[in-house]
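Accompanying notes for the structure given below.
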Amino acid sequence: MTRLGRRHFAALLLGSVLGGCGGYEVKNLVKSDIDLVTDEFITETRLLVRELMGKFYARNPDQLLRGRLHTVEDRLNQLQDTPGPLSYQELSYAQEIAALELVFQEEFAGDRVFALIVGLGGMLRRAYGYSTESYLFDSLDSEALSTSARNIEILLWRLKNNRQSTGEPFLVSSEYRGRIDNLSFERIFGKLIALQDMMSRIAGDAGDRRVTKVVHTASSVFIPLPI
């Protein structure tokens, strides 16, 4: 039986036996403690990504005009809280790391903020198996979670250090014209890194307690998540 089939069967079985129990959602009966914790992590990461989108547009309003939609609310509505990857025609269907790379391509004429959010949000979704919830029969990849944390660090480094030929940053975040004047970006990125590292440790402890160390030679190169 497939994972989806086992999940569906378990939910139906427990629902039919214990469906009369009030005050507690039936779906939680097929969740372990780790599943419930994972749900909170998924929710928090998605909220932080949405918060980042608003902050990036506030500091880079010109990027919003490059897109097909012209309000931050319209952009937020595109990030529906549904399972699956983030893929948009506007970005030629680039996803995850490929979408993040668009941010730092000078010839890219599209919305760099949207590319960053789609890349970052899509990568985090993949780290959690593209699910919005975790169930007893699901398993998390501790290496993918750890790698996503390292990629967030790399993204933060590139936002600070990569420059266009004019000397201007690709996107303004914490620093503008040589002065650090907005540390809220650092705090949000820091929270995302901490969440991914913590979830990686939890997933490792729940499984075989091994997290493969990713070795890379350049801190500016995004690391592919394990397939």
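Some notes on this structure:
- Linear extension gain, Glu107 paired with Ser184, 0.36 nm per residue minus alpha-carbon span: 24.8 nm
- Normalising the average separation of contacting C-alpha pairs (under 8 angstrom, six or more residues apart) by the number of residues puts the relative contact order of the range 31-206 at 26 percent.
- Vicinal HN-Hα couplings computed from phi for the range 88-96 (Karplus, 6.51 cos²θ - 1.76 cosθ + 1.60; Hz; Gly/Pro x): 9, 4, 3, 9, 6, 6, 5, 10, 6
- Pairwise FRET efficiency - Glu153 versus Glu90, Cβ, R0 = 35 Å, nearest 0.05: 0.80
- Sorted fewest first by neighbouring Cβ atoms within 10 angstrom, Asp35, Asp141 come out as Asp35, Asp141.
- R0 of 41 Å, Cβ-Cβ distance Val221-Leu65: FRET efficiency to nearest 0.05: 0.85
- Remark: spin-label model distance Arg201-Glu133 equals 2.8 nm, labels positioned 7 Å along the Cα→Cβ axis.
- Descending principal axes extents, the range 31-206, alpha-carbon based, whole Å: 51, 32, 23
- For Ser165 and Lys55, the FRET efficiency from 1/(1 + (r/R0)^6), where r spans their Cβ atoms and R0 equals 22 Å, is about 0.30.
No lab work stands behind these numbers, since they all come straight from the coordinates. Please read these numbers as outputs of a predicted model, since none were measured by experiment. When we count neighbours, we look across all protein chains shown, and the Cβ atoms used for this are built from the backbone with ideal geometry, even at glycine.
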